[in-house]
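J.: The structure is given below, and queries will be raised subsequently.
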Amino acid sequence: MTASVLTSCSTAPVSQQKPIVGMPSLGTMTKKSSNQVLQEEIREAQQAKSWNNYLELTQLLWSKASPDNQLAIEYQIWQTLKGLPQTEKDKLASDPETSPELMSWLDFVKATELHPIWQKPALADLKHFNPSALFNQHLNQALSQQLLNTNKVQQVAVFLPLTGPYKNIAMQIRDGIIRNQLVHAPNVKLAFYNTNYNPSEPNQILSTYQTAKQNGADVILGPLQKENIDILTKKLNAIGGDDSVITLNDAFGIQHFNFISNSEALQIAAKLCQKHYKNIAILTSTTPADSNLAVQIADYWQQVPDHKLTLKSYPATHPKLREALGSVINETYSQARKNNLQWLFKENLSFTPRTRKDLDAIVLLGNARQVAVFKPQFAFFELQLPVYGSSKLTPINLDKTEPNKDLANVIFPTFKAALKKTNLASTLEAYGWDSFTLATQKYRLGPNICLNAGMLGKLSKQDNEFDYKMSWARYNSRGEVVPLTESNDVDESHYIDIPQEPSDAVQPTEATPDSTTP
């Protein structure tokens, strides 16, 4: 069993807590006038922001309450202090007049604002080192129990076009989801819904969404097709969103996870910067995906002072690859010099294009077939430059990869599953695997907190976007994909790895008539 791990990249973020109890009905605790007076004094202290006095009076009220109402009072103190502006909390924490009891409560509030992965040990430490604190009498245990019960996923609904032109893609994603579920969460129910877009019934996706929710889906993966995504996101955004949905393509306003990493250009540009290159050339096909990636790389590259760039393109259909590569190294200038010399000396001269000496590296953007055709041209031009490609050079079939010697020494970002032996047959299966990981473990992510064992790469989340950081590879002299090992790789020894929590087991339930199960 492969264990996913978390990577802590920096300070853990603030996470929202769900209420454990309602606001206490203090007036029903007792009818004694002394308690009524005490409640009024507590309200006055709160309004006056006299927090030492507020806490002292509230503790007195707590001492007269039943256990249930004691929890309610602890909860009210916690909510009140947590609701203070951060600047006010910081001021209280640094004020020498702040009482030890209030200081302990501020520490407790700070612990409960941590990401769940850090909150659990922080609460345990507070209970161990300060067992007599008021919040440790009932509230700490209640919050700790809530952490154990939070985000339990019992059913995942998957919206895929299981028929129609996208069936082959959908089935590979489906297989990856099932493989992950069988290994890591066999008791989490999967329900697959066929959501192939039908122009005559464009709102069918809304009915499917309602059905999945009524059938008890805790998380919905999909849809995949942009037409369905546009219709569903418009509806969900109109009602305030739905955090249970993760679309399998880019979406506006709701959570989404795309097969193509939206940070690939940044990852490529960062790698080139790590090598301390100053002058690069990008040669891209005219397909929209390659052209957009080239422009993004160029934008990142040129943000660094003194960086130079040559950007050229070649037709995606019927490309003249020799001419395209020649344009990068200024072959026409070499030809012109040869013609001038030939005219000057009045005799025929042999001609070999002069290699540019100012380039540090070249980035070839295209599919594996196109880049493989380019490589032999390097010998003709006597080019000895490092060659980089995109993730398109990753073999599609992970279990049946044929060597490609024409790609020897090309460096490119790739999926983690391409660099180790797995039971996944294709890159789309790896995408399905990671989609299920996010469905069951997304609550563990936060800004700069990552799941470190995705099959595509290191899984992360920024706002509503799930993404992954790829691994770097190269084709060796035999044309095989191998990990790239470099002495100047980024040091990640400061990361803290935490094993993936297993999904809690639940009893399998019967499949609904309008869904399919594996």
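The values are calculated or read from the model by the stated rules, or taken from the named source; none is laboratory data. All values reported here derive from a predicted model rather than from experimental measurement. Positions of Cβ are backbone-derived with ideal geometry, glycine not excepted, and every protein chain shown enters the neighbour counts.
J.: Given (1) at pLDDT below 95; (2) within 30 Å of ALA191 (Cβ to Cβ); (3) of a type outside the set (S, T, N, Q), identify the lone condition not met by ASP434.
T.: (1)
Residue by residue, here is whether (1) surrounded by 12 or more Cβ atoms within 10 Å (Cβ to Cβ); (2) part of a helix (DSSP H, G or I) holds:
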site: SER34; (1), (2): no, yes
site: GLU40; (1), (2): no, yes
site: ARG43; (1), (2): yes, yes
site: LYS49; (1), (2): no, no
site: LEU55; (1), (2): yes, yes
site: LEU71; (1), (2): yes, yes
site: GLN79; (1), (2): yes, yes
site: LEU102; (1), (2): yes, yes
site: ASP107; (1), (2): yes, yes
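J.: Additional query: Do we have VAL109 as under 30 Å from MET455 (Cβ atoms) and touching a residue at least 12 places away in the same chain (Cβ under 8 Å) here? Break it down stepwise before answering.
T.: On the way: under 30 Å from MET455 (Cβ atoms): no; touching a residue at least 12 places away in the same chain (Cβ under 8 Å): yes.
No.
J.: Can you name the helices (runs of 4 or more DSSP H) wholly within region 129-237 that have at least 3 residues being closer than 30 Å to ILE396 by Cα and touching a residue at least 60 places away in the same chain (Cβ under 8 Å)?
T.: Numbers: elements: 139-149, 167-184, 204-214.
Where helices (runs of 4 or more DSSP H) fall fully within region 129-237 and carry at least 3 residues being closer than 30 Å to ILE396 by Cα and touching a residue at least 60 places away in the same chain (Cβ under 8 Å), they are 167-184.
J.: Next question. Out of curiosity, is ASP434 touching a strand residue (DSSP E or B) at 6+ places or on another chain (Cβ under 8 Å), of a type in the set (Asp, Glu) and assigned to a strand (DSSP E or B)? So that I can check it myself, show each step before the final result.
T.: Details: touching a strand residue (DSSP E or B) at 6+ places or on another chain (Cβ under 8 Å): yes; of a type in the set (Asp, Glu): yes; assigned to a strand (DSSP E or B): no.
When the stated conditions are applied, ASP434 does not pass them.
J.: If you check PHE466 against the conditions, is it closer than 21 Å to LEU248 by Cα and either part of a helix (DSSP H, G or I) or more than 21 Å from the chain's Cα centre (by Cα) (or both)?
T.: Working: closer than 21 Å to LEU248 by Cα: yes; either part of a helix (DSSP H, G or I) or more than 21 Å from the chain's Cα centre (by Cα) (or both): no.
Against the criterion (closer than 21 Å to LEU248 by Cα and either part of a helix (DSSP H, G or I) or more than 21 Å from the chain's Cα centre (by Cα) (or both)), PHE466 does not qualify.
J.: Identify, please: which residue in region 451-465 is surrounded by fewer than 23 Cβ atoms within 10 Å (Cβ to Cβ) and not polar (S, T, N, Q) and is, among those, farthest from LYS400 (Cα to Cα)?
T.: Here the answer is ASP463.
J.: With (1) among the hydrophobic types (A, V, I, L, M, F, W, C); (2) assigned to a loop (DSSP other than H, G, I, E, B); (3) farther than 23 Å from TRP472 by Cβ as the list, and VAL304 as the residue in question, which single condition is left unmet?
T.: If we test VAL304 against (1) among the hydrophobic types (A, V, I, L, M, F, W, C); (2) assigned to a loop (DSSP other than H, G, I, E, B); (3) farther than 23 Å from TRP472 by Cβ, just (3) comes out false.
J.: Also, quick follow-up: Quick check: anything in region 125-137 in contact with a Gly (Cβ under 7 Å, 6 or more places away or on another chain) and surrounded by 20 or more Cβ atoms within 10 Å (Cβ to Cβ)?
T.: We begin by selecting, within region 125-137, every residue in contact with a Gly (Cβ under 7 Å, 6 or more places away or on another chain); these are none.
No, there is no match, as no residue in region 125-137 is in contact with a Gly (Cβ under 7 Å, 6 or more places away or on another chain) and surrounded by 20 or more Cβ atoms within 10 Å (Cβ to Cβ).
J.: Another question, if that's okay. For the condition closer than 17 Å to LEU55 by Cα and touching a Leu at 6+ places or on another chain (Cβ under 9 Å), what is the one hit in ILE117, ILE77?
T.: Working: ILE117 fails: closer than 17 Å to LEU55 by Cα.
Selected residue: ILE77, the only one of ILE117, ILE77 that is closer than 17 Å to LEU55 by Cα and touching a Leu at 6+ places or on another chain (Cβ under 9 Å).
J.: OK, next. Being crowded, with 16+ Cβ neighbours inside 10 Å, closer than 26 Å to ASN448 by Cβ, of a type in the set (A, V, I, L, M, F, W, C) and at pLDDT 90 or above, is that true of even one residue in region 83-90? If you could, list the steps in order and put the result at the bottom.
T.: Of the residues in region 83-90, the ones crowded, with 16+ Cβ neighbours inside 10 Å are 84, 89.
Right, trim to closer than 26 Å to ASN448 by Cβ and you get 84, 89.
Then keep just the ones that are of a type in the set (A, V, I, L, M, F, W, C); that gives 84.
This time we only want the ones that are at pLDDT 90 or above, so: 84.
So far as region 83-90 goes, yes, one or more of its residues are crowded, with 16+ Cβ neighbours inside 10 Å, closer than 26 Å to ASN448 by Cβ, of a type in the set (A, V, I, L, M, F, W, C) and at pLDDT 90 or above.
J.: Can you name the residue in region 414-463 that is more than 20 Å from ALA265 (Cα to Cα) and among the basic types (Lys, Arg) and is also nearest to the chain's Cα centre (by Cα) among such residues?
T.: Taking the candidates together, the pick is LYS442.
J.: Write out, first by first residue and then by second, each pair whose Cβ atoms fall under 6 Å of each other, whose residues are 6+ apart or on separate chains, and whose first residue, in region 82-106, is in the same structural domain as TRP51 (by TED's automatic domain parsing) while the second is among the hydroxyl-bearing types (Ser, Thr, Tyr).
T.: Short answer, once both residue conditions are applied: LEU92/THR98.
J.: Oh, and also: Among the listed residues LEU293, LEU349, LEU311, identify the single one that is in contact with a helix residue (DSSP H, G or I) (Cβ under 7 Å, 6 or more places away or on another chain) and modelled with pLDDT under 55. Full working, then the answer.
T.: Working: LEU293 fails: modelled with pLDDT under 55; LEU311 fails: modelled with pLDDT under 55.
Step by step, each of LEU293, LEU349, LEU311 is checked, and only LEU349 is in contact with a helix residue (DSSP H, G or I) (Cβ under 7 Å, 6 or more places away or on another chain) and modelled with pLDDT under 55.
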